């Protein structure tokens, strides 16, 4: 394949690759448990006894079935030292174990032989609210108590003994939750049975038969109100339940809001692959943490806003069906979920809503100059889950890929990535996603990924134009926001407007400063950068139509203006200058001392962005001229 890359990428490739390998090696150790596991997990059967009315106390027993990979004297589990282990059994026999920090090593007399085996851990305690965004929380809402879990990224071991890793998914799990009869308990998969065990205790049995990452196993218990809605698919007559557990005080409002999620399910199901857990369910359980969490088949939600519904649902594909294979690839979870929020808006609310969403993300990304989508410290949870970078810039990387490759190639690549044998219901990595994009498009994307995933910042653009006759000259000056990227290779979309006509033209600069000459058959009075919101950049645009400048008695330079606009008279000394806003209110008037010459400077720096009207008079003319204040 013919591969073109800019000179700076070629000369620094070896250094960049070496630095990347060292960083990946360091993060690989951080992003996964330090416990020596020595086995592949197949199945868990979990019994959890909780009662939010009495506090956070948890009593549990967890049976793990696994395949020993090599002969060893111990099997490792991740479990915090602050939780009490009562005993560990193999079958009906007690078996010895050792605790080492947050690791539990289960011993077997002789050794653990290669093949299948199992252990059952009996434990209890008050799980600490630690290890991520909450791990295990006991809280109070308006009408009752709630216990919920949220284990991402490192929190599963704080409340249950498990294999906490991004290398091995649980193939199957049964969850039994014992709680007060006035409570309901939500979890992964299907609720296959529930019964009242005594006057004060009810049992909920959830069965999940899809592979699931450890951090996506969850439970939520409260005095929930329950209702079920049904998703209908565009390609079949089948339907699937969407089960909702909500706080009673929000029951009526929530049923209206969650209905939108049914349409989102159809959209994502048609654009990507079929809903990954179609044989079971999708659903929501309300909790008190200030956001949402994509627990597999049942997202936990603080509310049911459009954006949160779309974001957590999107994770069923990007995050749950295919889970980031290391925390450095977290953007494949969060960037996709943020972008699919936009896709839901595009399909349900229209193009304008989608563009507003992307414009808002761009504004937040460009509020600071530095920062890469690639996380440099995966142990720092706040840095890892950086909203500006992992979420918003990750979404914009996807948006620009879609724009540059086209919808057909982009969505085909997404489906390829999701359905690849090593990815589907497993783990995915950035190089695999890049390879899928390249297969679908036939393009080499090394430079793009190096620039936008590993590189920091974005480009500042200073765009100047001038027109005489049909000849339009455009100069684009780029200043990279961060030294890690010497030049951003981006299209520069420009909309030229005038005489009731407009046209959109893209220019492609390959140098920091580059000029273009265009042929335009109409007189331009204004130019807008990226009106369709397709490029991650900050731009300012200014220019002049030289023919109009000669014809009009007054000229405003530059226009649009950001700091100072100069009003120039072509026929005599200026006698009066007044500026009015869009409401017709006087916002500025030239002082007498500023008049008497052919030029007056208008200070617009602190004005609100928008259109203003200048009323000016000189010795020969009185005229009104439009002035645009640039953001």
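Every read-out reported here was derived from the displayed coordinates using simple, explicitly stated rules and does not represent laboratory data. Because the structure is a prediction, the values reported are computed rather than measured. Neighbour counts are summed over all protein chains in view; Cβ atoms, including those assigned to glycine, are modelled from backbone coordinates with ideal geometry.
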The residues 432, 255, sorted from fewest to most surrounding Cβ atoms within 10 Å, come out as 255, 432
On C-alpha positions alone, give me the angle between the axis of helix 251-271 and the longest principal axis of the chain, in degrees, nearest 10. 80 degrees
Which whole-angstrom value gives the distance between the alpha carbon centres of the stretch 33-84 and the stretch 518-582? 68 Å
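Could you give the alpha-carbon Rg of the stretch 73-181 over 2.2 N^0.38 Å, rounded to two decimals?
In units of the globular-protein estimate, the stretch 73-181 measures up at 1.20.
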Whole-Å distance, taken between Cα centres, linking the stretch 273-338 and the stretch 413-436: 17 Å
What's the extension gain from residue 462 to residue 475 if we count 0.36 nm per residue and subtract their Cα-Cα distance? 3.9 nm
How big is Rg to Rh over the stretch 249-294, alpha-carbon atoms, Rh as the Kirkwood inverse-mean-distance radius? 1.01
Relative to the longest principal axis of the C-alpha atoms of the chain, give the angle of the C-alpha long axis of helix 407-419, reported between 0 and 90° and rounded to the nearest 10°. 20 degrees
In whole µm²/s, the translational diffusion coefficient that Stokes-Einstein assigns to the stretch 392-433, given a Kirkwood hydrodynamic radius over C-alpha pairs, 37 °C and 0.692 mPa s, equals 299 µm²/s
At q = 0.11, 0.23 Å⁻¹, base-10 log of I(q)/I(0) for the stretch 124-218 (Debye sum, equal scatterers on each alpha carbon): -0.35, -1.28
Which value, in Å³ per residue, describes the convex hull spanned by the Cα atoms of the stretch 552-631? 75 Å³
Relative contact order of the stretch 39-223, defined on C-alpha pairs under 8 angstrom at six or more residues apart (%): 24 percent
Burial ranking of peptide ranges 194-200, 452-458 (average Cβ count within 10 Å, highest at the top): 452-458, 194-200
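When only C-alpha pairs under 8 Å and at least 6 residues apart count, what is the relative contact order of the chain, in percent?
Averaging sequence separation for qualifying contacts and normalising by length gives 8 percent for the chain.
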Taking every C-alpha to C-alpha distance in the stretch 483-572 and binning by 5 Å from 0, the per-bin percentages run 3, 11, 18, 21, 18, 15, 7, 4, 2, 1, 0
Treating the angle as unsigned and between 0 and 90°, give the value, to the nearest 10°, between the Cα long axis of helix 7-31 and the longest Cα principal axis of the chain. 30 degrees
Here the convex hull volume per residue of the stretch 70-129, taken over Cα atoms and given in Å³, is 87 Å³
Sort 402, 266, 359 so the one with the fewest other Cβ atoms within 10 Å of its own Cβ comes first. 359, 266, 402
Exposure proxy ranking, count of Cβ atoms within 10 Å, fewest first, for 301, 400: 400, 301
Per residue Cα convex hull volume in Å³ - calculated over the stretch 170-328: 118 Å³
For the stretch 418-546, go through all pairs of different Cα atoms, get the mean of 1/r, take its inverse, and jot down that Kirkwood value in Å. 16.9 Å
Ranking request for peptides 559-565, 583-589, 348-354: highest mean number of other beta-carbon atoms within 10 Å first, then the rest in descending order. 559-565, 348-354, 583-589
May I ask for the equivalent-ellipsoid semi-axes of the stretch 503-552, computed as the square root of five times each C-alpha gyration tensor eigenvalue and listed largest first in whole Å? 23, 13, 12
Which log10 I(q)/I(0) values, to two decimals, does the stretch 326-371 give at q = 0.20, 0.26 Å⁻¹ under the Debye formula with one point per Cα? -0.73, -0.93
Kindly give the semi-axes, whole Å and largest first, of the ellipsoid equivalent to the stretch 359-455, taking each as the square root of 5 times a Cα gyration tensor eigenvalue. 24, 17, 12
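What order, most packed first, do the peptides 156-164, 216-224, 102-110 have when packing is the mean number of other Cβ atoms within 10 Å of each residue?
Descending packing order for the listed peptides: 156-164, 216-224, 102-110.
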Can you tell me the relative contact order of the stretch 294-418? Whole percent, Cα pairs under 8 Å, sequence separation 6 or more. 26 percent
Just for the Cα atoms in the stretch 39-223, what are the lengths along the principal axes, largest first, rounded to whole Å? 53, 31, 29
